[in-house]
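Colleague: Got a structure for you, written out below as structure tokens; questions coming shortly.
Read-outs: derived from the displayed coordinates by stated rules, not from any lab. Quantities reported herein were computed from a predicted structural model and do not represent experimental measurements. Glycine also receives a Cβ, built like all others from the backbone with ideal geometry; neighbour counts cover every protein chain displayed.
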Amino acid sequence: MKVGLNTRPWVGLDIGEYSVKLVSLRHGVGGVRPCAAELPLPVGAAEAGPEVLARMLGDCFSRAGHSARSLRGLTLGLSGADVIVKQVSLPLMDDDEIPGALRFEARKHLPFDPSTCVIDFQLLGRVPSEKRLDILVAAVPQARLDRAIAPLRAIGIDPDIVDAAPLALTNAISHAAERENEARVGIDFGHHGSWLTLYQRGAPYFARRLEFGGASVTRAIAAALRVPLEEAEEWKLEAGSDEPSIRVDPDSAEMIAAREALRSLAEELRRSFAYYRTLAALPEPITLWLSGNTARLPGIAGELSAMLEVPTFVFDPLESVPHDARANLPAGGPQFAQAYGLALRTA
């Protein structure tokens, strides 16, 4: 890559149910300079027509100082229950035979008709001694992909790469890993669901969507305090803001309710880790990294750490950016983990 003052940025775009997150990486003199922007979505915007979401995306690009013509490229993330990421095995064969064999094999692993899906794969390795190939498969219904791309095309942008959300999260955590052989375990909190990802070199890749998200915490607070969901959500957002205007007491009724909500997540994680141990060994203890807007809630890492008895930390991909390069960055950034992993995935 030719590095210069006018090198154009590569953008990672995470269109969630709650907000749009954008991270751009521009290579230039002095290294990589990131920029990040987030724009909350109005209720129902994610299910509205592409024109509504297109306007929101245009606003988000404007906040980051970008336009369609200013980009070197863009990677779009796909998330949701209809996004499947799974490691599978095939018999040994030539590379050009894999796509056809994978279409047949996919029928065993996908909850929908493979003929209606876009299926991509990465060859992880050949194991001649066991006469098998290890392959990482990502699949999404074609109609879902078309809906995701439509708002971008409405503002004159075609994504150069489309990537599954759990792979973007693994990419971000792996990029920040201190040791090459450590297990990278992450939870990216979405609004209604979250992704658990687990990657370690030489072992099966594992991704699972959990039916737990920021809305789960909001409902728990609303039920415990007998207040409307809107009021509970407002408290949660303020408590997790960069400069909260309220004192967040760990013994408050809100935080007690949030802790109770986390217990169901902790139980799901225990079951997931137990299942993974039937596939491969896990180091003891593992380190768990939390991202997404819910990870901004004070004390959430400590609470999960105590419940699971594993070291747990908030993963902020922007934390290591030097002070002189933080001009276009928010104070905190765990919600940008997926967008950051997408921005790292350049063509």
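Colleague: Among Gly193, Gly100, Gly12, determine the one that fluctuates most according to a GNM of the chain built with springs between C-alpha atoms less than 10 Å apart.
Modeller: Comparing Gly193, Gly100, Gly12 in the GNM, the peak value goes to Gly100.
Colleague: How far apart, in nm, are two points set 7 Å out from the Cα along the Cα-to-Cβ line at Ala150 and at Ser70?
Modeller: 2.8 nm
Colleague: Sticking to Cα atoms, compute the Rg of region 1-134 to one decimal and its Dmax as the biggest Cα-Cα distance, whole number, in Å.
Modeller: 20.0, 55
Colleague: So, one more: Taking 8 Å as the Cα distance limit and 6 or more residues as the minimum spacing, I'd like the relative contact order of the chain as a percentage.
Modeller: 20 percent
Colleague: Quick one: Kirkwood hydrodynamic radius for region 197-264, alpha-carbon pairs, angstrom, one decimal?
Modeller: Result for region 197-264, one decimal place: 13.6 Å.
Colleague: On a straight-distance basis, which aspartates and glutamates could pair with Lys21 in a cross-link, Cα separation under 16 angstrom, same-chain partners fewer than 8 positions away excluded?
Modeller: Qualifying aspartates and glutamates at Cα under 16 Å: Glu38, Asp59, Asp163, Asp188, Asp316.
Colleague: Give the percent of DSSP beta bridges with both residues in the chain that are antiparallel, rounded to the nearest 5.
Modeller: Looking only at bridges with both residues in the chain, the antiparallel portion is about 75 percent.
Colleague: What FRET efficiency comes out for Arg63 versus Leu229 if R0 is 41 angstrom and r is the Cβ-Cβ distance? Round to the nearest 0.05. Before the final figure, lay out the partial values.
Modeller: Details: r = 27 Å, r/R0 = 0.67.
Once rounded, the FRET efficiency stands at 0.90.
Colleague: Oh, and also: Through the Karplus equation 6.51 cos²θ - 1.76 cosθ + 1.60, θ set to phi - 60°, convert the phi angles of region 269-285 into ³J(HN,Hα) values in whole Hz; use x for Gly and Pro.
Modeller: 5, 4, 5, 5, 5, 5, 5, 4, 5, 7, 9, 6, 6, 10, x, 10, x
Colleague: Would you kindly derive the ³J(HN,Hα) couplings of region 334-344 from the backbone phi angles with the Karplus curve 6.51 cos²θ - 1.76 cosθ + 1.60 (θ = phi - 60°), listing them in order in whole Hz, with x for Gly and Pro?
Modeller: Using θ = phi - 60°, the values come out as x, 6, 9, 4, 5, 4, 5, x, 5, 5, 5 Hz.
Colleague: Between region 234-297 and region 41-109, what is the separation of their alpha carbon centroids in Å?
Modeller: Result: 26 Å between the Cα centres.
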